[in-house]
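Participant: Here's a structure for you.
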């Protein structure tokens, strides 16, 4: 049917290059002790962020990251035409409750830890196609709420396995807009690749990296096949939270699938947010991981010109405690967005 | 910033009028005994649909509704450029597992029972903007999985309250495409309205209609304010699953908000899918309710010319057992899509 802004099987083209005009992130104390801590816009002194529950703390992180982002853009909430967001909790309640407070038209996304790139991808469509501008894209997670929901409440004190990852307590937000000569953009979106759900039979809910790596490789290979581009055309190919185990597996899988990746151009947000001395095992994870690193680490490098072009691909492990208990394997999904500096 | 395909605060315009080129639905035995039963494409003889769990039955309903829809369009799964779907279960696992089987690039949506209109709205953007075509939009639910997750397992045998609704066991699917002279469309999308999250303080998880009605009224009023249209310009204004309690409240709220609705043009999918003699209390509900009624009841009337233009607005109650137990009120959201016949 020849959709005109489509390349190949999975890639979309943003001909109007939606601009990222502002970004902000809020994170917890453990994240603030990591190497990026000084660059966060807001740090919660305690994991409960002064709220009555960890769930409400997650709501507050999302809401405040959005508010700071809008402040930076000099916009009120009424000036934003749509908000896209998601998180890891059942029924994405933290995002829904943040959207309730902000009163912005809201589309809920769920892609597990791939949500930040899913939101950017769909937000990019809204802006590029002229359906809404500006558009707020956000994602967040919280260590204590994720542990309670997916594994055990923290009070249980269970031992972490070597391949396990640490869910980031934090939220990141990006404001997209049609190109606007009155503003100075941080970066722009040019292409995106919608991922397929891929399952290689992993069943260990403590080894998310292994479950997500094949999906990440599949999306990367689809993007390179669709566009004819090569990994060398990116300063960094950035995954969301494959961690140390999943990142190695991505190199293996992508080679097997015919698109070997140059190790020196790879970066994983889960391996960036914590210092190895923080003992996070295989690295950070959660929707908030890629969202916070995008806001605090990636976008500043595109704005400064240190990087010219990156492929930002958050990855999600599609499991629930119910499906895991019923013996299902863990499928993964990864959506990629090409983000470029504006010169 | 003057997005060109935007009207007012919340409404988007599909200038390329994405066509609905095929639809299908699959449902359970209780739904088949209702007034629409004869029009379903597939009926599961038993609630478990021959699967090992109700959750897997929900996966199978979604997957098979998609496959039948593609068959009707004469397309294989590889011919579809994107799939958007969601359901009520934690981490939208049924939709993700259906997408795993179909291998179509997949964007997970979550809007509780508003998911079918959310998926149509975003799928419409993909097609209208030329980013993908054809695009599959789907939503489903299952009585037994929803009761187990949100309330009690069926084995508990708890008594239902008068305002409670019956989650539909079923899935509906719609295939969108750019207008294609080689095909005969069922209908077309022309406009849509992205809903805001609205909360009027309802806390009764057995009275979803009351929680969703204010959000439905807010979206309707936003649409009429944005476009200058009136309710009389629609053959039907169709809500997803407000049920008997919520439908009355919608009439009240919309009047209070300045846009009184003509009762004779209102229709609720939750009041259409079951016969009152089936004792479903306040009516049907669930993502599958509006999806099945759209496929089996609404689209045939637009295709035949009996109706010319409808506003299809599924409504979602944004609650989780966690937030309810923590004392949160229940916010609602409603997204509206204008669907018109093609003459």
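Participant: Assign one of three labels to the range A:99-203, namely rounded, prolate or oblate, based on the Cα gyration tensor with a ≥ b ≥ c the square roots of its eigenvalues; rounded applies when a/c is under 1.5, prolate when it is not and a/b is larger than b/c, and oblate otherwise.
Facilitator: prolate
Participant: Rounded to whole angstrom, how close does the nearest chain A beta-carbon get to the axis mapping A onto B, and which residue is it?
Facilitator: Minimum Cβ distance to the axis, with residue: A:129, 2.
Participant: Counting pairs of alpha carbon atoms under 8 Å apart in space and at least six apart in sequence, what relative contact order in percent does chain A give?
Facilitator: Dividing the mean separation by the residue count of chain A yields 25 percent.
Participant: Averaged over its residues, how many other protein chain Cβ atoms are within 10 Å of peptide A:4-16's Cβ atoms?
Facilitator: Taking all residues of A:4-16 together, the mean is 4.
Participant: For the residues B:229, B:264, what sequence is obtained by ranking on other C-beta atoms within 10 Å, fewest first?
Facilitator: Neighbour counts put them in this order, fewest first: B:264, B:229.
Participant: Another question about this same structure. So if we plug the beta-carbon distance of residue A:256 and residue A:160 into 1/(1 + (r/R0)^6) with R0 = 35 Å, what FRET efficiency do we get, rounded to 0.05?
Facilitator: Computed FRET efficiency for residue A:256 and residue A:160 comes out at 0.75.
Participant: Cα centroid distance between the range A:196-242 and the range A:324-343, in Å?
Facilitator: 7
Participant: How far, in nm, would the chain grow between residue A:51 and residue A:204 when pulled straight, counting 0.36 nm per residue and subtracting the alpha carbon separation?
Facilitator: 51.8 nm
Participant: When each copy gets a label point 7 Å from Cα toward the beta-carbon at residue B:179, what are the spacings between them in nm, shortest first?
Facilitator: Listed shortest first, these distances are 2.9 nm.
Participant: From a point 7 Å beyond the Cα of residue B:9 in the direction of its Cβ, which residues of the range B:300-335 have a backbone N at a distance under 12 Å?
Facilitator: Taking a point 7 Å out along Cα→Cβ of residue B:9, no residue of the range B:300-335 has its backbone N under 12 Å.
Participant: Counting only helical runs of four or more DSSP H residues, what would the 222 nm mean residue ellipticity of chain B come to if each run contributes -39,500 (n - 2.57) and the total is spread over all its residues?
Facilitator: -9500 deg cm²/dmol
Participant: May I ask you to derive the FRET efficiency for residue A:343 and residue A:278 from their Cβ-Cβ distance with R0 = 41 Å, giving the value to the nearest 0.05?
Facilitator: The formula returns an efficiency of 0.65 here.
Participant: For the range B:296-343, how big is the tail of P(r) above 17 Å, as a whole percent of Cα pairs?
Facilitator: 52
Participant: Okay, next question. Can you put A:312, B:234 in order, fewest other beta carbons within 10 Å first?
Facilitator: Going from least to most buried by this count: B:234, A:312.
Participant: How long is the range B:189-343 along each principal axis, judged by its Cα atoms, biggest number first, in Å?
Facilitator: Here the spans come out as 52, 37, 23 Å, largest first.
Participant: Ok, one more. Select from B:321, B:260, B:134 the residue whose mean-square fluctuation is largest in a Gaussian network model of chain B (Cα-Cα springs shorter than 10 Å).
Facilitator: Looking only at B:321, B:260, B:134, the largest GNM fluctuation is found for B:321.
Participant: Using only alpha-carbon positions, what ratio does the radius of gyration of the range B:259-328 give when scaled by 2.2 N^0.38 Å?
Facilitator: Taking N as the residue count of the range B:259-328, the ratio is 1.38.
Participant: Another one. For residue A:183 paired with residue B:329, estimate the spin-label separation in nm (one decimal), with each label point 7 Å from Cα along the Cα-to-Cβ line.
Facilitator: Rounded to a tenth, the inter-label distance reads 3.2 nm.
Participant: Taking a label point 7 Å out from Cα toward Cβ, give me the nm distances from residue A:158 to the same spot in the other copies, shortest first, one decimal.
Facilitator: Listed shortest first, these distances are 2.6 nm.
Participant: Express the C-alpha Rg of chain A as a ratio against the empirical globular expectation 2.2 N^0.38 Å, rounded to two decimals.
Facilitator: Chain A yields a ratio of 0.90.
Participant: Shifting gears a bit: Starting from one equal scatterer on each C-alpha and no solvent at all, send me the Debye-based log10 I(q)/I(0) for the range B:100-153 at q = 0.12, 0.17, 0.28 Å⁻¹, two decimals.
Facilitator: So the normalised log intensities are -0.37, -0.64, -1.12.
Participant: Here's something else I'd like to know. Using the alpha-carbon centroid of each, what span in Å lies between the range A:18-71 and the range B:258-286?
Facilitator: 42
Participant: Pairs of alpha-carbon atoms within less than 8 angstrom and 6+ residues apart define the contacts here; what relative contact order does the range A:63-183 have, in percent?
Facilitator: Relative contact order comes out at 29 percent.
Participant: To one decimal in nm, how far is residue A:206 from the same spot in the other copies, if labels go 7 Å from Cα toward Cβ? Please give the shortest first.
Facilitator: 4.1
Participant: Among A:218, A:112, A:27, which one shows the biggest mean-square fluctuation in a GNM of chain A, springs joining Cα atoms closer than 10 Å?
Facilitator: In the Gaussian network model the winner is A:218.
Participant: Under a 10 Å cutoff between Cα atoms, tell me which one of B:320, B:96, B:133 has the largest fluctuation in the Gaussian network model of chain B.
Facilitator: B:320
Participant: Still on this model: Per the Kirkwood definition applied to all pairs of different Cα atoms, how many angstroms is the hydrodynamic radius of the protein assembly as shown?
Facilitator: 24.3
Participant: With Kirkwood's inverse mean 1/r over C-alpha pairs for Rh, give me the Rg to Rh ratio of the range B:1-132, two decimals please.
Facilitator: Here the Rg-to-Rh quotient is 1.01.
Participant: Ranked by Cβ crowding within 10 angstrom, fewest neighbours first, how are A:292, B:12 ordered?
Facilitator: B:12, A:292
Every number here is computed from the coordinates shown, using simple stated rules; none is lab data. Fair warning: this is a prediction, and the values are worked out from it, not measured in the lab. When we count neighbours, we look across all protein chains shown, and the Cβ atoms used for this are built from the backbone with ideal geometry, even at glycine.
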